[in-house]
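Visitor: One structure, pasted below without further comment.
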Amino acid sequence: EPADMWIIQRARLQESYRSELLNRPRRYLPFLSARTWARAMWFTSREDWLGMVDRGEKRNPYLPGRPDEYYKDKGWVSWDDFVNDP
């Protein structure tokens, strides 16, 4: 039995790590970096951005799916400002 204790301990550690990882807050790019990235892409509107998210094409884990909500008090002006150069 004691020789098998490592299997139990390993399972506990894996579950602990998994739980900790899933409960971590997401980390996104600062607003200006996210806006620079969005402006470099083909987006021209809110609909373009949300369409990408709805289709599952948002591959960058450092950008929120709803930047208008996440960056609300962090520099957000409008969708037009976010996706289009002035």
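The values are calculated or read from the model by the stated rules, or taken from the named source; none is laboratory data. Here the structure is a predicted model, which means the values were calculated and not measured. Ideal geometry is used to build each Cβ from the backbone, glycine not excepted, and the neighbour counts take in all protein chains shown. The area values use the complete protein model at the heavy-atom level, side chains included, leaving out ligands, DNA and RNA. Shrake-Rupley method; radii C 1.70, N 1.55, O 1.52, S 1.80 Å.
Visitor: Taking R0 as 41 Å, what FRET efficiency do you get between residue 40 and residue 14 from their Cβ-Cβ distance, rounded to the nearest 0.05?
Guide: Numbers: r = 39 Å, r/R0 = 0.95.
According to the calculation, E is roughly 0.60.
Visitor: Would you mind calculating the gained length between residue 23 and residue 66 on full extension (0.36 nm times residue separation, minus the Cα-Cα distance), in nm to one decimal?
Guide: Values: separation 43, 0.36 × 43 = 15.48 nm, distance 1.96 nm.
Between residue 23 and residue 66, full extension yields an extra 13.5 nm.
Visitor: Quick one: angle between helix 5-22 and the longest Cα principal axis of the chain, in degrees between 0 and 90, rounded to 10, please.
Guide: Helix 5-22 and the main axis of the chain meet at about 20 degrees.
Visitor: Moving to a separate point now. In the chain, which chymotrypsin sites (Phe, Trp or Tyr not before Pro) are in a loop and have at most 13 other Cβ atoms within 10 Å, using DSSP for the loop call? Display every interim value, and only then the final one.
Guide: Details: sites: 6, 17, 28, 31, 37, 42, 43, 49, 62, 70, 71, 76, 79, 82; in loops: 28, 42, 43, 62, 71, 76.
Sites meeting the loop and neighbour criteria: 42, 62.
Visitor: Taking only protein heavy atoms into account and a 1.4 Å probe, give the accessible area per residue of the chain in Å².
Guide: On the way: 6710 Å² over 86 residues.
About 78 Å² of surface per residue is accessible.
Visitor: Which of the GluC sites (Glu not before Pro) found in segment 26-84 are in a DSSP loop and have at most 13 neighbouring Cβ atoms, other than their own, within 10 Å?
Guide: Working: sites: 47, 57, 69; in loops: 57.
In loop regions of segment 26-84 (DSSP not H, G, I, E or B), the sparsely surrounded GluC sites (Glu not before Pro) are 57.
Visitor: About the Cα centre of the chain, how large is the charge dipole given +1 on each Lys and Arg Cβ and -1 on each Asp and Glu Cβ? Please answer in debye to the nearest 20. Let's see the in-between values first.
Guide: On the way: 15 positive and 14 negative charges, 41 e Å.
With Lys and Arg at +1 and Asp and Glu at -1, about 200 debye.
Visitor: With unit charges on the beta carbon (Lys/Arg positive, Asp/Glu negative), name the residue among 49, 62, 78 whose Cα is farthest towards the positive pole of the charge dipole of the chain.
Guide: Farthest towards the positive pole: 62.
Visitor: At a threshold of 8 angstrom on Cα-Cα distance, excluding pairs fewer than six apart, so keeping six or more, what relative contact order does the chain reach in percent? Each step should come with its number before you reach the end.
Guide: Values: 42 pairs, mean separation 31.4, N = 86.
Relative contact order of the chain: 37 percent.
Visitor: Mind listing the Cα extents of the chain along all three principal axes, in Å, largest one first?
Guide: In descending order, the Cα extents are 68, 27, 18 Å.
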